[in-house]
Structure formats: C-alpha cells, structure tokens
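*Asks:* So that we are looking at the same thing, I have put the structure below in structure tokens.
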Amino acid sequence: MSLLDIAELSAGYGGNTILDGVSLTAERGDIVSLIGPSGSGKSTLLRVLIGLTPPTGGTVRIDGAAVDYADSAALKALRRRMSIVFQQFNLFQNMTALDNLTLAPVRTLGVARAEAEARGCDLLAKVGLADKAGAYPAQLSGGQQQRVAIARALAMQPEILLLDEVTSALDPERVGEVLDTIRTLAETGITMLLVSHEMGFVREISTKVVMMDAGRVVEAGPPASIFESPRETRTRSFMQAIIRH
Amino acid sequence: MNGAAEFFTTDTAAFLAGALGRTLWMTLLGCTLGFLLGGVLALVRRTRQPLLAPARLLAGLYVETFRRLPFLVILILVLFSVQAVAPGLSLLGIATIAVTLAATAYLAEIIRAGLDAVPRPQVEGAEVLGLSALDRLRFVVLPQAWGVILPPAAAFMVMFVKDTALASHLGVVELAFAGKILVNKGFSPTLGFGAVLVLYALVSWPLGRAAAHLEKKLVAPRHR
Ligand SMILES: Nc1ncnc2c1ncn2[C@@H]1O[C@H](COP(=O)(O)OP(=O)(O)O)[C@@H](O)[C@H]1O
Ligand SMILES: [Mg+2]
C-alpha cells in the first residue's frame, strides 16, 4: 500500500476545471517532483492535498485511508501528517523565527512550550540558522526566511512534506542554500512532493518525476527515463524549452 | 446678568462635572460596546460557512443601514422603540443605546477593513499548520490587524465625543446642553460655552493619548 495514493483528483475555481483527474502515488521515502509549464496545476494539486482548495472529484488516500476534505476533524488529522512550504514563505510577520516554529506544535499538538522551543532551536540549527531564533521575518533574507519556513513545516513532524517552488522567489545566489537544506532533508527518509523548475536538482534528488500539463499528468517515471527518454512529445517539448532557456 | 464670581462656584462645577460625566459615559460605554459588537459583526461578515449566510446578510444589512442614518435619526428611533418596550429607561440609557448602535456599524467596518488588510497567505500559513480559526485570529490576524484598526477607531471615538451633543435633543444634560442651560441662567456665553469648549478639549486630548498608548502596546513589533 502506498503512503500517498491520489486517484482521479479534480479541482477548479468557480466552474473552471484546473485539475482534471490527476492520479499518482508516492511510497514512503519517495521524493516525487512535479514539473510542467506554469499554469499546469502543480500548485493547485498541492493546495488540494493540504486542504486549502476543495477537490471536486477523486480521492486522496494516506496509508489506504481516504481523506474527507469536507470534514474539519479529518483536515486537522491530515495536517498532522502532511505539511507544506510555500513559494512566498508565508512566515508569520508578527513573530520571531522561533515563535513561528513553536506556535503550531504548542497550540495544535499540545507540546509543552519548553519542549517546543528546544525542538525549534534544534530545527533552526539544522537549517543553519541557530543564531536567528529571535529575528523577525522582515529582518531575514529570502533564503533565510525560506529555511525558517521549512523548519516550521518540519516542527509538525510530518510524514509527507509538500514544497511548492520554494526557490522561485529567491535571489539566484540564495537558491543553493535552500536546495542544500532540501538535500539534507531527503536523506532523513521523509516523503516529499515538490514542485521545482531547477531541473538539475530535480533529476538528482527525485525518485520519481511527474510531468503535468493542463491539469493532467502527461507522464510519470524515474528521473532517468523522463529526462533521457520521455515517451510523450509534450514532455520532450517542455524539456527542450527549459534547456534552451 | 451673572458675573464670573457666581460662575466659579462649586455648584457650577458640580453641574458641569455631571454633564461631562454623561458625555463621557455615552461616548466610552457606547464606543466600547460598539467595538465589541462591531467586532462580532465584522467576524460574522468574514465567515464563509454556508450555514451562516443569513447571519452574514443581516450583519451586512445592519452595517450598511446604520452607517447611512444620521445620528439624530438613530437617537429618535431608539427613543420611540425603547419607550414602547421599556418606558422606565432613563434618557441617558436611551442615548447610550443609540451611540452603541451607531458605533457598532462604523466600528464593524473599520475592524473588517483591518482584518482584510492581513494578507491571505498569512492566514493560509496558519491554516495548514492546523491552527483553529480562533487561534488564527488570536495569534496571526489580530496582532497584524491592530495597527490598521486602532488609528481610525480612536479617531472615530474622539470625533463621536462631539456627536453625543445631539443627545441634548432628547433632554440629556450633556456638555453642550449644560452650556446652553448656563447661558439661559444668565451667565455670559463666553463663560458658559467657553467652559464647555475647554472641557471638550480636555476630554479629547487624553482619549487620543490613551489610543496612541494602546496602539503602541498592541501593535506587533514589525509594524512599530
Ligand atoms: N485562486 C485562483 N482563482 C482562480 N484561478 C486560479 C487560482 N489559482 C490558480 N488559478 C488558475 O489555475 C491554473 C493553474 O494554476 P497553478 O495551479 O498555480 O499552476 P502552476 O502551479 O502549475 O503554475 C492557472 O490557470 C491559474 O490561473
Ligand atoms: Mg505554481
């Protein structure tokens, strides 16, 4: 049984179909990369998975159990197992880095504050920001904010981590530090679903690559086959466009 | 005509103090209740729960109506409705209800604008961490919204100190009415209205200061 099993998932905004029957699976420890042109529904897929955008059809199973996205208790349970990091970080602007990390564990997991702070400091150290615990987001660079955001997601001890173009809003010289953080993370065996346009990184880190276009999965497979011998012309033209650019 | 010697007596002072007390009572109590009720209306209007649709509609209707009614009209409406159901209520009580009704509508809009000013991604960041709606409000939205809510809310209250003068039409002896009574008693308008003017100024100033202090205490560090 797959850890994450997405079947015929559909979603849309106000009558427009954005996700049009997406199916894919991730085993425990998989690093699944979603690639595809902008507007193909990658962000929407992650938003549906974490319960920010309601699905209009299909099912999501975690360890075989279907998630009921209309039920707030089920959503709460889901968000204990799955966490997301956004392109724009979305750190709480009114809190220090450490408070960003401890708020949810204390309020939703019932962790004692001292323990949450100790764990928060550990996590900040893991992403190389041990000295920034007391800094507010506005005092941090984009790359630092994104690393805090990753640490915040990890503070929930998720089994599945969703990463939506986490390096796209960064200055080029800051991209490396965030990719390094994700590499380290990959070695811990956490399951990840990530959207990225960093093709070299995707190829290196992924156990599986999923090519999306117009709300559908065009093809999926191990990175070597998607990058070297894609079956679909749509994948080939996307790769060529990316490489040329 | 009574002169200055008769004016500066404990009697006049007590009379003016009573009037000042009524002005303050109406403003402070009315605006405080209005802030709480306005907050509730603002929150109701922000919900998305389909079951709450009728409540959203009513809240919107209330806010849009009462913001458009002149305060004097609200006073008269309250006067007649209260006299029909609870004839024993004092004029000051009636005026305070009217202030509350008007303040609720205005402050609901001010609070709603403040809550809306907090970017949606901030709320989503809290939502995906499993924080309850109340926790999102308490820890993420309100701390970032205070800076937007407090200045216009304080300005509204300071301005409303003056509007409570309309309660004199009901017969509430608040500051403005007290000035008129003193002049009718034979004191010169310079003395009677001069004293009222000084008292209005003395009230608005600390109110403004208190609001500024509150703002400093509540507004999140980044926004300071
Ligand atoms: N909140 C929204 N309201 C309406 N349309 C949206 C919204 N978010 C995204 N879309 C549309 O959905 C489509 C897919 O967007 P998205 O999932 O962000 O794609 P990707 O992440 O692959 O670039 C786009 O056409 C976009 O315009
Ligand atoms: Mg996207």
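No value in this document is a laboratory result; all are computed from the given coordinates. Quick caveat, the model's predicted, so the values are computed rather than measured. Counting neighbours? That spans all protein chains shown, and the Cβs are built from the backbone with ideal geometry, glycine included.
*Asks:* Please report, largest first and rounded to whole Å, the three semi-axes of the ellipsoid equivalent to the stretch B:4-218, where each semi-axis is the square root of five times an eigenvalue of the C-alpha gyration tensor.
*Replies:* Values: eigenvalues 308, 89, 25 Å².
Working from the Cα gyration tensor, I get semi-axes of 39, 21, 11 Å.
*Asks:* Further question on the same structure: Go ahead and run the numbers for FRET between B:Ile76 and B:Ala155, Cβ-Cβ distance against an R0 of 22 Å, rounding to 0.05. If you can, show how the numbers build up before the last one.
*Replies:* On the way: r = 26 Å, r/R0 = 1.18.
For B:Ile76 and B:Ala155, the calculated efficiency is 0.25.
*Asks:* What distance in nm separates the two pseudo spin-label positions at B:Thr190 and B:Ala53, each 7 Å out from Cα along the beta-carbon direction?
*Replies:* For B:Thr190 paired with B:Ala53, the spin-label model returns 6.7 nm.
*Asks:* Here's another thing I want to ask about it. Using a 7 Å offset from the Cα along the Cα-to-Cβ direction at both A:Thr184 and B:Lys217, what is the distance between the two label points in nm, to one decimal?
*Replies:* My value for the distance between the label points is 4.2 nm.
*Asks:* Rank A:Pro172, A:Thr102, A:Gly41 by how far each Cα sits towards the positive end of the charge dipole of chain A (+1 on Lys, Arg Cβ; -1 on Asp, Glu Cβ) and give me just the farthest.
*Replies:* A:Thr102
*Asks:* Once the piece of chain linking A:Thr17 and A:Ala169 is laid out straight, how much longer is it, given 0.36 nm per residue of separation minus the C-alpha distance between them?
*Replies:* Here the answer is 52.1 nm.
*Asks:* In cubic angstrom, how much convex hull volume per residue do the alpha carbon atoms of the stretch B:135-217 span?
*Replies:* 95 Å³
*Asks:* With angles folded into 0 to 90 degrees, how steeply does helix A:113-126 sit against the dominant principal axis of chain A? Use alpha carbons for both and round to 10.
*Replies:* The angle comes out near 60 degrees.
*Asks:* Specify whether the C-alpha gyration tensor of chain A places it in the rounded, prolate or oblate class, a ≥ b ≥ c being the square roots of the eigenvalues: rounded for a/c under 1.5, otherwise prolate if a/b is larger than b/c and oblate if not.
*Replies:* In terms of gyration-tensor shape, oblate.
*Asks:* Follow-up question, since we're still on this one. D for the stretch A:122-235, whole µm²/s, Stokes-Einstein with Kirkwood Rh over alpha-carbon pairs at 20 °C and 1.002 mPa s: what number?
*Replies:* Numbers: Rh = 15.4 Å.
It diffuses with D of about 139 µm²/s by this estimate.
*Asks:* Hey, if you put +1 on the Cβ of every Lys and Arg and -1 on every Asp and Glu Cβ in the stretch A:132-231, which of A:Ile205, A:Gln139, A:Gly215 ends up farthest toward the positive end of that dipole?
*Replies:* With unit charges placed on the Cβ atoms, the residue in question is A:Gln139.
*Asks:* Partner chain Cβ atoms within 10 Å, averaged over the residues of B:156-164 - can you pull that number for me?
*Replies:* 0
*Asks:* Summing -39500 (n - 2.57) over the DSSP H runs of n ≥ 4 in the protein assembly as shown and dividing by its residue number, what mean residue ellipticity at 222 nm do you reach, to the nearest 500 deg cm²/dmol?
*Replies:* That comes out to -18500 deg cm²/dmol.
*Asks:* Determine the dipole magnitude for chain A: charges of +1 sit on the beta-carbon of Lys and Arg, -1 on that of Asp and Glu, nothing else is charged, the reference point is the Cα centre, and the result goes in debye to the nearest 20.
*Replies:* Its charge dipole is roughly 240 debye.
*Asks:* Charges at C-beta only: +1 for Lys and Arg, -1 for Asp and Glu. How large is the resulting dipole of the stretch B:93-224 about its Cα centre, in Debye rounded to 20? Display every interim value, and only then the final one.
*Replies:* On the way: 12 positive and 8 negative charges, 76 e Å.
Here the size comes out at about 360 debye.
*Asks:* Over the protein assembly as shown, what lengths in whole Å, largest first, do the semi-axes of the equivalent ellipsoid take, defined as the square roots of 5 times the eigenvalues of the alpha-carbon gyration tensor?
*Replies:* 61, 24, 18
*Asks:* Once you have a ≥ b ≥ c as the square roots of the Cα gyration tensor eigenvalues for the stretch B:6-120, tell me rounded if a/c is under 1.5, and otherwise prolate or oblate according to whether a/b is larger than b/c.
*Replies:* On the way: a/c = 3.38, a/b = 1.92, b/c = 1.76.
Prolate shape, in that a/c is at least 1.5 and a/b is the bigger ratio.
*Asks:* Return one number: the angle in degrees, 0 to 90 and rounded to the nearest 10, between the long axis of the Cα atoms of helix B:175-184 and the longest principal axis of the Cα atoms of chain B.
*Replies:* 10 degrees
*Asks:* Taking the dipole about the Cα centre of the protein assembly as shown, with the C-beta of Lys and Arg at +1 and of Asp and Glu at -1, give me whichever of B:Ala117, A:Gly51, B:Ala84 is farthest to the positive side.
*Replies:* B:Ala84
*Asks:* Report, in degrees rounded to the nearest 10, the 0 to 90 angle that the Cα long axis of helix A:142-154 makes with the longest principal axis of chain A.
*Replies:* 90 degrees
*Asks:* Given a cut-off of under 8 Å on Cα pairs at least six residues apart, what relative contact order in percent is computed for chain A?
*Replies:* That works out to 26 percent.
*Asks:* A further question follows. Under the rule a/c < 1.5 gives rounded, and otherwise a/b versus b/c splits prolate from oblate, where does the stretch A:103-182 land using the Cα gyration tensor?
*Replies:* Prolate is the answer for the stretch A:103-182, as a/c is 1.5 or above and a/b outweighs b/c.
*Asks:* Place a +1 charge on the Cβ of each Lys and Arg in the stretch B:4-218 and a -1 charge on the Cβ of each Asp and Glu, then give the dipole magnitude about the Cα centre in debye, rounded to the nearest 20.
*Replies:* The calculated dipole for the stretch B:4-218 is roughly 340 debye.
*Asks:* Just to check I understand the Karplus step: with θ = phi - 60° and J = 6.51 cos²θ - 1.76 cosθ + 1.60, what whole-Hz values come out for the stretch A:37-54, glycine and proline as x?
*Replies:* So the Karplus estimates, Gly and Pro as x, are x, 5, x, 7, x, 5, 5, 4, 4, 5, 5, 5, 4, 8, x, 8, 10, x Hz.
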